[in-house]
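Enquirer: Structure below; questions to follow.
The values are calculated or read from the model by the stated rules, or taken from the named source; none is laboratory data. Small disclaimer: the values here were computed from a predicted structure and weren't measured. With ideal geometry, Cβ positions are generated from the backbone for all residues, glycine too; neighbour counts draw on all protein chains shown. Each accessible area value is taken on the protein alone, full model and side chains, heavy atoms only, with ligands, DNA and RNA left out. Shrake-Rupley method; radii C 1.70, N 1.55, O 1.52, S 1.80 Å.
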Amino acid sequence: AMKLLNVAGFFALVPTLVSALEPITTSLAFCGAAVMWQLFSPASWLKCRFLECCNMKDTLDIPALQMALEQKVFGQHLATQVVLKALSMHSRHKQPRKPLVMSFHGWTGTGKTFVSKIIARNLYQRHEARRRFVHQYDAVLHFPHAEHIKQYKEQLQNWIRGNVSVCPRSLFIFSEMDQMPHGLIDSIMPYLSHREAINGIYYGKAIFLFLNNAGGDKITEVALDHWRRQKGREEIPLTDLQSILSAEIFNNRNSGFWNSKLIQKNLVDYFIPFLPLEYKHVKECIQEELRYQGHQEDEDLIIKIALAMSDYPSEDRIYSSKGCKTVASKVNLAT
């Protein structure tokens, strides 16, 4: 109320001030007042353009997201297709029935964290906005002691409730889910359900990403079976993998979702498989890293590093057991 009175008082004085000012000065004064009004208005276009602002738009920049996924993510046609479709469908609705919940599964270095960063950058282009509205939780860092699970549950509920109340289009990323204390993730179940609002807070625009190494071995088994039957990875059926993942992580004590109500009540919208990376995909990662570091592409060096990283299974050496995770360090040592 005081802010409104102050603004009203300022504009009441404007006619008196105008007569004492030259035309150019008057124009500058009006422009300055307009700029200040926009900057202090909570949802102004100017504030959102130059400062941090919660993304309340109803659609993401889907073409830009598609381009980033296609150009920067290697060997993950299934994951990129599902992510793009899921975000497109969720952002299309002004009032989604529930938050979008996606669970990424695969070996380390296959792109789970990388894809989550691409989503975050697409949702919030400015660094300050990402810092405020993209929330990352590492199970090892934030929830290290299983005996403190009651305290963690309260903290997690308060974090989500508080952040969504500030920005409905909040993005929550949970990494190292396979290290999550048993039962902790079920504490956020009310916020992922089909509800209009909880205590006046609407959660339908929020996005939740779970990054999990659990299920990676099962995904690799399926991919390896297709390879041995001389079938391409593009022929791997998504529905089969999703069914396998859902059952695997529900029954796996080290998945973070063991006997989880989130799975029992079908609150995870998409189980997304990240396939093991082959020699050719590792080569693409190395080429990209060389460009990033400002080096010329050295084909002999690329082949040498890629061959050394292709180590699974030991008799065939088709996949890299660490994906592209150690590419940067190997390029550093070799250049």
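Enquirer: When you check Lys85 against the structure, is it open to solvent by less than 50 Å² (accessible area, probe 1.4 Å), among the basic types (Lys, Arg), at pLDDT 95 or above and at negative phi, yes or no? It would help to see each step written out before you state the result.
Expert: Values: open to solvent by less than 50 Å² (accessible area, probe 1.4 Å): no; among the basic types (Lys, Arg): yes; at pLDDT 95 or above: yes; at negative phi: yes.
No: the conditions fail for Lys85.
Enquirer: Identify all residues within the stretch 189-216 that are among the charged types (D, E, K, R) and in contact with a Phe, Trp or Tyr (Cβ under 8 Å, 6 or more places away or on another chain); write none if there are none.
Expert: Arg195, Glu196
Enquirer: May I pose another question? Any chance the stretch 266-278 includes a residue that's touching a Pro at 6+ places or on another chain (Cβ under 6 Å) and over 28 Å from Ser91 (Cβ atoms)?
Expert: no
Enquirer: What are the residue pairs meeting all of these: first residue in the stretch 106-119, first residue closer than 17 Å to Ala328 by Cβ, second residue of a type in the set (Gly, Ala, Ser) and part of a loop (DSSP other than H, G, I, E, B), Cβ atoms under 8 Å, and 6 or more apart or on different chains?
Expert: Thr108/Gly323; Gly109/Ser320; Gly109/Gly323; Thr110/Gly75; Thr110/Gly323; Gly111/Gly75; Gly111/Gly323
Enquirer: Here is a list: Gln136, Gln125, Gln155. Which entry is under 20 Å from the mean Cα position of the chain (by Cα), farther than 26 Å from Gly215 by Cβ and polar (S, T, N, Q)?
Expert: That would be Gln125, the only listed residue that is under 20 Å from the mean Cα position of the chain (by Cα), farther than 26 Å from Gly215 by Cβ and polar (S, T, N, Q).
Enquirer: Right, here's the next one. Regarding Asp298, is this residue surrounded by 14 or more Cβ atoms within 10 Å (Cβ to Cβ) and in the same structural domain as Asn213 (by the TED database)?
Expert: Against the criterion (surrounded by 14 or more Cβ atoms within 10 Å (Cβ to Cβ) and in the same structural domain as Asn213 (by the TED database)), Asp298 does not qualify.
Enquirer: How many of the residues making up the stretch 206-235 are surrounded by 17 or more Cβ atoms within 10 Å (Cβ to Cβ) and over 17 Å from Tyr312 (Cβ atoms)?
Expert: The qualifying residues number 8.
Enquirer: Still on this structure, please answer the following. I'm trying to understand the selection: among the residues of the stretch 166-180, which are within 19 Å of His105 (Cβ to Cβ) and out of contact with any Leu (no Cβ under 8 Å at 6 or more places or on another chain)?
Expert: Hits for the stretch 166-180 are Asp178, Gln179, Met180.
Enquirer: Let me ask another. For Lys325, are the conditions met, namely being of a type in the set (Lys, Arg), touching a residue at least 24 places away in the same chain (Cβ under 8 Å) and either buried (at least 18 other Cβ atoms within 10 Å of the Cβ) or closer than 29 Å to Pro99 by Cβ (or both)?
Expert: Judged against the criteria, Lys325 is a match.
Enquirer: Further, regarding this structure: Quick test of your reading of the structure: Glu128 fulfils all but one of (1) modelled with pLDDT of 95 or more; (2) exposed (fewer than 14 other Cβ atoms within 10 Å of the Cβ); (3) not aromatic (Phe, Trp, Tyr). Name the failing condition by number.
Expert: (1)
Enquirer: Could we say that Ser320 is in contact with a Ser or Thr (Cβ under 9 Å, 6 or more places away or on another chain), of a type in the set (Gly, Ala, Ser) and not assigned by the TED database to the domain that holds Gly109 here?
Expert: On the way: in contact with a Ser or Thr (Cβ under 9 Å, 6 or more places away or on another chain): yes; of a type in the set (Gly, Ala, Ser): yes; not assigned by the TED database to the domain that holds Gly109: yes.
Criteria met by Ser320.
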